[in-house]
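The next block holds one structure in the form of C-alpha cells; read it before the comments.
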Amino acid sequence: MKIRIGVGLGAGGATTEDRFAAAVQRIERCGFDSLWLSEVLTTGVLDPLSGLAYAAGITRKLKLGTTMTVTARNPVRMAKELATIDQLSRGRLLLVFVPGLSDRFEDQALGVPVKERGAWLDEMLPLVRQLWTGTPVDHKGPLFCYERLILQPRPVQDPLEIWLGGTARSALRRAGRLSDGWLPSLCTPAEAASGKAAIDAAALEVGRQVDPEHFGISMTYAREAIPPAQVARIAKRRPGVDPSELVPVGADALRSTLRRYIDVGFSKFVVRPAEPPAAWEDELDQLADEVLSLQT
C-alpha cells in the first residue's frame, strides 16, 4: 500500500494570512502528502474552499484536501467551485463530503435537520459527478431538477474522486454504494476494520468495489494530555470509549496507532494536533520527524 500522511489545520492558530501561508508552505517543505481544511461554520477555522484556493497559489506539489459540508449547498455552484480549484491547482484537490456536525450552533447555521442530511449526500454525490463530465445533465430528484445543464470548467482530475466519512450503519452503506473512499474519525483500529468490511460488502451488493488503497483515518493527536474539551466531545460522541484509544498521546503512541491502522488495511491519514501549537513551523518539523518515515 502507498502510505500517505497529511496534516489538518483545524486546530486553529493559523488563521491570519502570514501564519496560514507559513504553515501551508512548511507542510509542503516537510514532505507531507497533503493539507486538510475542515468545514465548520460556527468556529474560527477558515472557510475550506477559500483557504485551499489560496494554498493552491503558494504551493506546487502539496495535495489540497477538505472535509466539506454538502448540506444546503447549491450543487451547480459547488461543482463549479471545486472544479475551479482543481484547475488552478493542476489536479491536486482531494474531497471528502460530509453531512455536517450536529450541535445547536451548526444545526442553526446549516438549517437542515440531521435526519434529512443523508438525503443531501445521496443526491449530491452522483449529481456533482454528472456535472463534472461536461456533458448535458438531465436530473430530476427530490431536491434538484435540471434539464440539459452543462457545467464548465471541468476538473483536471478525471475522475475527481469523492470520499465519504461517517461510521453509522447508513453511512457505511452509502460509502459502499457511492463513494470512491472512506475517511472516518473517532474510531478504533478494530472499528475501522469492521467498517471497511461493511463498506466492501455494500459495494459488492451493487456490483462495484472501493479501491483497497482508498481507506484512511482522520485522527487527532495530543502532545502531553488530551484537552478537557476534547475529552468532553469524545464522551458525547463515543460514550464508554477510552479517549486515549481515539486520541494518541505522545509520539510513541501516535506512531503505534498509525501502525495499527495500517495493519488492518488503512493507508491514508490526516493527523492534526488537539490544541493549536505555539508555533506551527516547530510543530510540523517535530511531527515530520515522528511520522513521515511511515510514508512509502
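Taking each of LYS115/LYS196; LYS115/LYS268; LYS2/LYS63; LYS61/LYS268; LYS2/LYS80; LYS80/LYS196 in turn, the alpha-carbon distance tops 20 angstrom for LYS115/LYS196; LYS115/LYS268; LYS2/LYS80; LYS80/LYS196.
For the stretch 219-296, the relative contact order comes to 42 percent (Cα pairs under 8 Å, sequence separation of at least 6). Only alpha carbons enter this Debye calculation for the stretch 8-74, each as an equal point scatterer, and the log10 of I(q)/I(0) it gives at q = 0.11, 0.13, 0.15, 0.18 Å⁻¹ is -0.24, -0.33, -0.43, -0.62.
Rolling a 1.4 Å probe over the heavy atoms of the protein chains gives the chain an accessible area of 47 Å² per residue. Highest mean first, the peptides 140-149, 96-105, 261-270 sorted by other C-beta atoms within 10 Å per residue fall in the order 261-270, 96-105, 140-149.
What percentage of the solvent-accessible surface of the chain, computed with a 1.4 Å probe over protein heavy atoms, is contributed by carbon and sulfur atoms? Summing carbon and sulfur atoms, their accessible area is 52 percent of the total for the chain.
The packing ranking of peptides 187-197, 222-232, 152-162, highest mean first, is 187-197, 152-162, 222-232, where packing means the average number of other beta carbon atoms within 10 angstrom of each residue.
Take the Cα radius of gyration of the chain and divide it by 2.2 N^0.38 Å, with N its residue count; two decimals is plenty. Spell out each step's value before the answer.
Working: Rg = 18.5 Å, N = 296, 2.2 N^0.38 = 19.1 Å.
Dividing the Cα Rg of the chain by 2.2 N^0.38 Å gives 0.97.
Each listed q (0.12, 0.15, 0.17, 0.19 Å⁻¹) maps to a log10 I(q)/I(0) for the stretch 150-295 from the Debye sum over equal C-alpha point scatterers, namely -0.57, -0.84, -1.00, -1.14. A convex hull fitted around the alpha carbon atoms of the stretch 65-210 yields 120 Å³ per residue.
Ignoring solvent entirely, what values of log10 I(q)/I(0) come out of the Debye formula for the stretch 143-200 at 0.20, 0.22, 0.27, 0.29 Å⁻¹ when each Cα is a single scatterer? These q points yield log10 I(q)/I(0) values of -0.78, -0.85, -1.05, -1.14.
Our summary gives the chain a relative contact order of 21 percent, counting only alpha carbon pairs under 8 angstrom and 6 or more residues apart.
Work out the P(r) tail for the stretch 175-234: percent of alpha carbon pairs separated by more than 19 Å, whole number. Each step should come with its number before you reach the end.
Values: 719 of 1770 pairs.
When every Cα pair of the stretch 175-234 is considered, 41 percent fall beyond 19 Å.
With semi-axes defined as the square roots of five times the eigenvalues of the C-alpha gyration tensor, the equivalent ellipsoid of the stretch 1-136 measures 25, 20, 13 Å, largest first.
The values are calculated or read from the model by the stated rules, or taken from the named source; none is laboratory data. Worth saying up front: this structure is predicted, and the values here are computed from it rather than measured. Reconstructed Cβ throughout: ideal geometry from the backbone, glycine too, with neighbour counts over all protein chains shown. Each accessible area value is taken on the protein alone, full model and side chains, heavy atoms only, with ligands, DNA and RNA left out. Shrake-Rupley method; radii C 1.70, N 1.55, O 1.52, S 1.80 Å.
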